[in-house]
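The values are calculated or read from the model by the stated rules, or taken from the named source; none is laboratory data. Bear in mind the structure is a predicted one, so any value in this text is a computation, not a measurement. Glycine also receives a Cβ, built like all others from the backbone with ideal geometry; neighbour counts cover every protein chain displayed. Ligands, DNA and RNA are stripped out before the accessible areas are found, and what is left, the full protein with its side chains, is counted by its heavy atoms. Shrake-Rupley method; radii C 1.70, N 1.55, O 1.52, S 1.80 Å.
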Amino acid sequence: MQGAPILACTVSRDVQNFEILIDEMEAEFKDGWGDLRISDTLSFLDQPDAALLKVIALALDIEDEPDIETILSIVHKATDLSIAVLLIADELDPLILHQVLQAGAREFLPYPMPEAGLSEAVERLSKADRPPLAAANAVDTTQNAATEASLPSRTTTGCTIFAIQGLAGGVGATNLAVNLAWELATLKGETPRVGLLDMDQQFGSVATYLDLPRKDLIFELMSDIETLDEDVFRQALQTVDGKLSVFTSPTEILPLDLLPPEEMEKLINTAAGMFDYLVIDMPSALVNWTETALRMSDVFFPVIELDLRSAQNALRFVRTLRFEDLPVEKLRFVLNRAPKMTDLSGKSRVKRMAESLDISFGEKLPDGGKAVAESNDHGSPLALRSSKNPLRKEIAKLAKSLHEISAGSAVAGG
Ligand SMILES: Nc1ncnc2c1ncn2[C@@H]1O[C@H](COP(=O)(O)OP(=O)(O)OP(=O)(O)O)[C@@H](O)[C@H]1O
Ligand SMILES: [Mg+2]
C-alpha cells in the first residue's frame with residue numbers, strides 16, 4: 001500500500017496482470033489508491049485503515065477460480081464495511097462471475113475494460129445506493145441464476161438425465177454430448193456410472209466422435225423393443241476406456257420416428273436404470289418422442305449459435321413447446337461458439353438475442369478452434385487430446401457444476 005489517505009484499492013492476485021486497470025486507477029484516484037493481494041485482503045480489512053476505503057476494484061481472471069472462497073469472503077466483508085466492490089473480470093467463468101455478483105459486487109467491467117469504463121463505474125457507485133448486480137450485466141447473471149435453479153434433484157430412478165438437441169444442423173450438440181458425458185464419467189475423485197445414448201438414428205455421429213464401431217445389435221434392438229431388457233441393452237453398449245458406456249446409432253439409417261413414444265420411454269428407462277447420469281444426444285428434428293425425452297430428462301439443453309438461423313429456430317422451438325404446454329422450465333439454452341467476454345459487440349448481440357427470444361443462456365461455450373473437429377475426427381474426447389482447450393475447460397466446469405448441484409452439495413446461490 002502507498003501514501004494516505006487511500007480511498008480505493010485494487011484487489012488481485014497480481015495487479016501487473018491488469019495494466020490498463022493500473023492506468024485507469026491512476027487517472028481516477030491519483031495517489032489515493034493502493035493495491036492488495038487477494039491473500040492479504042481479509043486481514044487488511046480488519047485494520048482501522050480499511051474504514052477509509054470507498055471502493056475495491058476486484059480484478060480476477062481464470063486462475064483465481066480456485067480461490068473463490070476467499071474472494072467471496074472479501075466481497076462479503078467489504079460489503080459489510082460499506083465498501084463498494086467493482087468486479088473486473090478477465091474471461092472469468094460465468095458461474096464465478098455470478099457468485100461474486102451475488103455476494104454483493106455492485107458493478108462489473110470486462111477486462112480489458114472499455115474506455116473510461118472505470119471512471120463511469122466509479123461515478124455510478126458514488127451515486128445513491130443501488131441494488132447489487134449492475135444492470136448492464138443482467139443477462140449474464142440471470143442466466144446463471146436460471147441455470148442453478150433449473151436443475152432439479154435426482155429423478156426417482158437415481159439417474160439424472162441430460163438431453164442435448166441442436167436447434168440447427170452442425171451447431172455442436174453431439175460434440176457437447178460426447179464431451180459432457182466424458183467429463184462426467186471422469187470427474188476427479190468420483191466414479192459415477194455414465195451412459196451416452198445416440199438417439200439420432202439417421203446421422204448420429206457419437207460413434208465417429210468416440211471411434212466406436214456400430215454394432216448390428218443396435219439395429220436389431222431398435223427394431224424389436226419388446227424383447228428389450230437390461231441384459232440385451234448391456235450387450236448393445238460399448239465402453240470408452242472402461243469409463244463411459246455408449247449406445248451408438250445403428251449402421252443403417254432408420255426413420256427417426258421408428259419407435260413410438262412408449263417404446264422410446266422403455267429404452268430410456270432401461271438405460272436410466274443402469275447409470276447415475278444419462279446423456280442423450282437428440283436428433284435436431286422434432287420427432288414424436290421429443291416430448292417423451294423432454295419429460296424424462298432433468299435438464300434439456302437446446303444448443304444454438306449466435307446467428308439468425310439459430311435464433312429463428314429457437315423461437316419456433318420455444319413457441320411450439322409453450323403451445324403444447326410442455327415443461328419449458330427444463331430448458332437450459334446453450335450458446336455454442338459464444339463471443340469472448342472481451343467482445344463487447346458480440347456480447348450485446350447475445351443480450352439482444354436472449355431478449356428477443358425471451359430466454360436466458362444457461363451456458364456459453366467458447367469456440368475451441370480446429371482442435372475440436374480434429375479430436376472428433378480422431379475419435380477422442382477433447383480431454384484426452386487437447387485438455388487445455390478452452391471449450392474442454394468450459395465443458396469440464398459444466399460437468400462439475402451439474403454434478404455438484406445434482407449431488408446436492410452445491411454452490412452458493414444455487
Ligand atoms: N465450440 C466449438 N468450437 C470449435 N468447433 C466446434 C465447436 N462445437 C462444435 N464444433 C465442431 O463443429 C462441427 C459440428 O459439431 P457437431 O457434430 O457436434 O454438431 P451437431 O449439432 O451435433 O451437428 P448435427 O446437426 O450433424 O447433429 C464438428 O466438426 C465439431 O468438431
Ligand atoms: Mg449431432
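Some observations on this one:
- Residue check, residue 399 touching an Asp or Glu at 6+ places or on another chain (Cβ under 9 Å), in contact (Cβ under 8 Å) with a residue 40 or more places away in the chain and assigned to a helix (DSSP H, G or I): yes
- Options 201, 165; residue that is within 17 Å of residue 293 (Cα to Cα), within 16 Å of ligand 1 (Cβ to nearest atom), over 26 Å from the mean Cα position of the chain (by Cα) and not in a helix (DSSP H, G or I): 201
- Any chance residue 85 is on the phi < 0 side of the Ramachandran plot and outside any helix (DSSP H, G or I): yes
- Helices (runs of 4 or more DSSP H) contained in the stretch 268-385 and holding at least 1 residues farther than 30 Å from residue 241 by Cβ and open to solvent by 10 Å² or more (accessible area, probe 1.4 Å): 290-296, 308-323, 344-357
- Filter result (among the aliphatic types (A, V, I, L, M), within 16 Å of ligand 1 (Cβ to nearest atom) and in contact with an Asp or Glu (Cβ under 9 Å, 6 or more places away or on another chain)) within the stretch 312-349: 334, 335, 338, 341
- From 103, 89, 121, residue being buried (at least 18 other Cβ atoms within 10 Å of the Cβ) and without any contact (Cβ under 8 Å) to a residue 60 or more places away in the chain: 121
- Hits in the stretch 171-217 (condition: of a type in the set (S, T, N, Q), surrounded by fewer than 21 Cβ atoms within 10 Å (Cβ to Cβ) and within 15 Å of ligand 2 (Cβ to nearest atom)): 202, 205, 208
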